[in-house]
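Chemist: Quick one: structure below, then a few questions.
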Amino acid sequence: MPGNNCTQATEFILAGFTEAPAAQVAQFLLFLLTYLVTILGNLGMIVLIRVSPPLHSPMYYFLGNLAFVNLCTSTIITPRMLAGVLLGKKRITYAGCMAQVFTFDLFGMAECFLLATMAYDRYVAVCHPLLYPLVMSPERCSRLVTGSYLLGLTDSVAQAISMSSLFFCGSSAIDLFFCDISLLISLSTSDTTLSLNILRTSSSLLGVPSTLVVLVSYVAIISTILSISSAEGKCKAFSTCASHLTTVSTFYGSLMFMYLIPRSDTSRGGDKWAAVLYTVVTPMLNPLIYSLRNQEVKEAWRRLRKR
């Protein structure tokens, strides 16, 4: 329980920035460039999918929503981080921190389920191509996407309830460049049992199933690809899911490094780089991965330029 002389914090200090002036300039320019590429890449992908009839298919419908989620995720974190690096604004209000946790969890969990939905889509396309038009109908695709956002909202509401029970003494410093719920729980001076239980329960009920869908889908996909006799057929089948597999590997790899790998307090510097990869770099890479590796997207860009 908090001490009698302790007042509830009205702000937090984001202490995940470098203090060296030269490094701050380089950091600002790098993050600014990354954010601009993220905005242009994801907005461009959304517009391209909407205006290109050949891309009006379930796969690109999911990809358009993934681009929207990446756009929102990056915008929640990066502008505030840029202000912190350039202007030295390391303080964030309690309400601002809670809002950041809520919205980031919403779109973060929605991305997990969108990636799981895209894995299932590739499973049906590769393993049951004749049933694909029936299984992935427009109505079902719409329900899957809506469900992803609703599950993300469910997780963010659960985290908001979790945070409402926490007490923070004075101006607590967060050793990161955004409000991360696991770090906030560790900083709380009150009983964190309820918060930890909610966090673990939501992770188990929401995060684990989405991860299992991805794993099971790709086990079935790889098994089906290996059973194809011709090398050309194998390459064609693998090319339909190579971009998504790259995106999934980057997303879950950074999450696992940041939250699942145990480490001592003196070796947590890598967490910041994993957080940068997860919150800043991955949203930028996703549209580039699909643009560079997907022939249909390349053709759509060519047709759009000719107009």
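The values are calculated or read from the model by the stated rules, or taken from the named source; none is laboratory data. A quick note: this is a predicted structure, and the numbers were derived from the prediction, not measured. No Cβ is skipped: glycine too gets one built from the backbone with ideal geometry, and neighbour counts run over all protein chains shown. The area values use the complete protein model at the heavy-atom level, side chains included, leaving out ligands, DNA and RNA. Shrake-Rupley method; radii C 1.70, N 1.55, O 1.52, S 1.80 Å.
Chemist: Relative to the longest principal Cα axis of the chain, at what angle does helix 94-127 sit, 0 to 90 degrees, rounded to 10?
Modeler: Helix 94-127 and the main axis of the chain meet at about 20 degrees.
Chemist: Under the definition of Cα pairs under 8 Å and six or more residues apart, what whole-number percent is the relative contact order of the stretch 70-205? Spell out each step's value before the answer.
Modeler: Working: 107 pairs, mean separation 38.7, N = 136.
Dividing the mean separation by the residue count of the stretch 70-205 yields 28 percent.
Chemist: Can you list, largest first and rounded to whole Å, the semi-axes you get for the chain by taking the square root of 5 times each eigenvalue of its Cα gyration tensor?
Modeler: Values: eigenvalues 284, 103, 58 Å².
For the chain, the semi-axes come out at 38, 23, 17 Å.
Chemist: Give the Debye-formula value of log10 I(q)/I(0) at each listed q (0.19, 0.21, 0.30, 0.31 Å⁻¹), with one equal scatterer per alpha carbon of the stretch 161-200, two decimals each.
Modeler: Scattering profile of the stretch 161-200, log10 relative to I(0): -0.50, -0.60, -1.11, -1.16.
Chemist: Accessible area per residue of the stretch 127-207 at 1.4 Å probe, in Å²? Display every interim value, and only then the final one.
Modeler: Details: 3940 Å² over 81 residues.
Using a 1.4 Å probe on heavy atoms only, each residue of the stretch 127-207 averages 49 Å².
Chemist: Under a Cβ-only charge scheme (Lys and Arg +1, Asp and Glu -1), can you give me the dipole magnitude of the chain about the Cα centre, in debye to the nearest 20?
Modeler: Working: 21 positive and 15 negative charges, 220 e Å.
Charge dipole, the chain, about its Cα centre: 1060 debye, nearest 20.
Chemist: Next question. Out of residues 5 or more away from ASP175 or on other chains, whose amide H comes under 5 Å of its own, with H placed 1.01 Å from N in the peptide plane?
Modeler: Residues meeting the amide H criterion: ALA15.
Chemist: Report, in degrees rounded to the nearest 10, the 0 to 90 angle that the Cα long axis of helix 295-306 makes with the longest principal axis of the chain.
Modeler: Approximately 90 degrees, to the nearest ten.
Chemist: Per-residue ellipticity at 222 nm for the chain, helices alone: DSSP H runs ≥ 4 residues times -39500 (n - 2.57), over residue total, nearest 500 deg cm²/dmol? All intermediate terms of the calculation are to be shown ahead of the outcome.
Modeler: Values: 13 runs with 222 residues, N = 307.
Mean residue ellipticity at 222 nm (helix-derived): -24500 deg cm²/dmol.
Chemist: I'd like to know how the stretch 23-152 sits against the 2.2 N^0.38 Å rule of thumb: what's its Cα Rg over that expected value?
Modeler: 1.28
Chemist: Whose amide H sits under 5 Å from the amide H of ARG91, counting only residues 5 or more places off or on another chain, with H placed in the peptide plane?
Modeler: LEU14
Chemist: Within the accessible area of the chain, what % is carbon and sulfur when the probe is 1.4 Å and the other protein chains stay in place? Write down the numbers at each step before the final one.
Modeler: Working: 10380 of 15160 Å².
Carbon and sulfur together cover 68 percent of it.
Chemist: Taking θ = phi - 60°, what integer Hz values does the Karplus form 6.51 cos²θ - 1.76 cosθ + 1.60 yield along the stretch 53-65, in sequence order, with x for Gly and Pro?
Modeler: Along the stretch 53-65, the couplings run x, x, 9, 7, 9, x, 4, 7, 5, 5, 5, x, 5 Hz.
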